[in-house]
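Student: Let me begin by handing over the structure; questions about it come next.
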């Protein structure tokens, strides 16, 4: 089990005043974090649309991370929800 700090942006930032959540991840890849975060949101924030995690991207300080990539060594990622505008 590994602890990952997820920085919250967009609609996710409304979940915590610090704009970050600590997530316990059973696995080593971004897809494992996605799964763990979805479960955490369903448990702690049942009124939040946890399915939004499936359409969001994770990034480190330099780039967007694909689901198959390993979690960053420093244990910090950002979640970026989809946006639209005109």
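Student: Quick one: in the range 73-86, of everything that is touching a residue at least 60 places away in the same chain (Cβ under 8 Å) and over 11 Å from the mean Cα position of the chain (by Cα), which residue is surrounded by the most Cβ atoms within 10 Å (Cβ to Cβ)?
Tutor: So, considering only residues that are touching a residue at least 60 places away in the same chain (Cβ under 8 Å) and over 11 Å from the mean Cα position of the chain (by Cα), the one surrounded by the most Cβ atoms within 10 Å (Cβ to Cβ) is 75.
Student: Keeping to the range 57-68, report how many residues are surrounded by 11 or more Cβ atoms within 10 Å (Cβ to Cβ), farther than 19 Å from residue 24 by Cβ and in contact with a helix residue (DSSP H, G or I) (Cβ under 8 Å, 6 or more places away or on another chain).
Tutor: 1
Student: If we scan the range 41-51, do we find a residue that is in a strand (DSSP E or B) and at pLDDT 95 or above?
Tutor: Within the range 41-51, none of the residues are in a strand (DSSP E or B) and at pLDDT 95 or above.
Student: Restricting attention to the range 36-53, which residues are under 23 Å from residue 73 (Cα atoms) and either touching a residue at least 60 places away in the same chain (Cβ under 8 Å) or touching a helix residue (DSSP H, G or I) at 6+ places or on another chain (Cβ under 9 Å) (or both)?
Tutor: 37, 38, 39, 40, 53, listed by residue number.
Student: What is the one condition in (1) at pLDDT 95 or above; (2) in a helix (DSSP H, G or I) that residue 14 does not satisfy?
Tutor: Checking residue 14 against (1) at pLDDT 95 or above; (2) in a helix (DSSP H, G or I), the one that fails is (1).
Student: So, one more: Search the range 9-27 for residues that are without any contact (Cβ under 8 Å) to a residue 60 or more places away in the chain and pair each with any residue that is part of a loop (DSSP other than H, G, I, E, B) and loosely packed, with under 14 Cβ neighbours inside 10 Å when their beta-carbon atoms are under 8 Å apart and the residues are at least 6 apart or on different chains.
Tutor: These pairs meet every condition: 24/1; 25/1; 26/1.
The values are calculated or read from the model by the stated rules, or taken from the named source; none is laboratory data. In this text the structure is predicted, and so the values were computed from the model without any measurement. Because the Cβ atoms are built from the backbone with ideal geometry, glycine has one as well, and the counts that use them run over all protein chains shown.
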